[in-house]
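One structure is given here, and the rest of the page talks about it.
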Amino acid sequence: MKLVMGGYAQGRLAYVLRQYEKNTEDVFDFAEHSIFEWNNQPILYHMEELVTQAKQENQSVFEWLIKYLPLWKNCILITQEVGCGLVPIEAEERQWRETVGRMNIWLAEQAETVERVFCGLSMQISPSSGDIV
């Protein structure tokens with residue numbers, strides 16, 4: 001599994017489509033669909049929305065990740081980096097952001113490679129060996 005992360009509107013999806021020679025039919029968008037609707041698309045976009053979906057289902061996002069990660073071993077997961085902005089005033093929004101951050105850490109630990117996209121350009125954060133640097 002490959003993990004691609006970056007801030008809002010930094011070109012993560014466009015980068016992945018270009019870099020991995022994929023098209024929009026290869027993309028499953030968690031902002032538009034439930035995890036239960038996933039149909040083997042190799043690109044999983046808006047992974048941060050899993051936190052919202054899990055909460056709505058009274059589930060742990062980490063239990064879902066443990067269940068689904070073996071199915072996603074050949075996928076590219078795209079998530080938003082949420083820790084570099086203003087701290088939300090609402091406690092619920094802070095909790096969501098904290099959970100997304102912890103999810104991103106967990107995914108990075110599982111990934112073969114981790115890339116950060118900024119202004120449409122990629123930086124490799126972890127090597128192909130899967131070691132976190």
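Summary table below
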read-out	value
Lone qualifier among ILE89, ILE105, ILE66 - being without any contact (Cβ under 8 Å) to a residue 12 or more places away in the chain and either touching a Ser or Thr at 6+ places or on another chain (Cβ under 7 Å) or within 19 Å of GLN124 (Cβ to Cβ) (or both)	ILE105
Filtered residue count, the range 106-117, keeping only those that are of a type in the set (Val, Ile, Thr) and surrounded by fewer than 19 Cβ atoms within 10 Å (Cβ to Cβ)	1
Count of residues meeting criterion [under 16 Å from VAL4 (Cβ atoms) and open to solvent by 50 Å² or more (accessible area, probe 1.4 Å)] in the range 85-100	0
Options LEU44, LEU50, LEU65, LEU77: the member that is modelled with pLDDT of 95 or more and in contact with a Cys (Cβ under 6 Å, 6 or more places away or on another chain)	LEU44
Residues satisfying the stated conditions in the range 95-128, i.e. modelled with pLDDT under 95 and among the basic types (Lys, Arg)	ARG97
Residue among MET103, MET47 that alone is on the phi < 0 side of the Ramachandran plot, in a loop (DSSP other than H, G, I, E, B) and open to solvent by less than 40 Å² (accessible area, probe 1.4 Å)	MET47
Residue in the range 64-77 that is among the hydrophobic types (A, V, I, L, M, F, W, C), within 27 Å of TYR20 (Cα to Cα), open to solvent by less than 20 Å² (accessible area, probe 1.4 Å) and in a loop (DSSP other than H, G, I, E, B) present	yes
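The values are calculated or read from the model by the stated rules, or taken from the named source; none is laboratory data. All figures in this text were calculated on a predicted structure; none of them were measured in a lab. Note that we place each Cβ from the backbone using ideal geometry, even for glycine, and neighbour counts take in every protein chain shown. Each accessible area value is taken on the protein alone, full model and side chains, heavy atoms only, with ligands, DNA and RNA left out. Shrake-Rupley method; radii C 1.70, N 1.55, O 1.52, S 1.80 Å.
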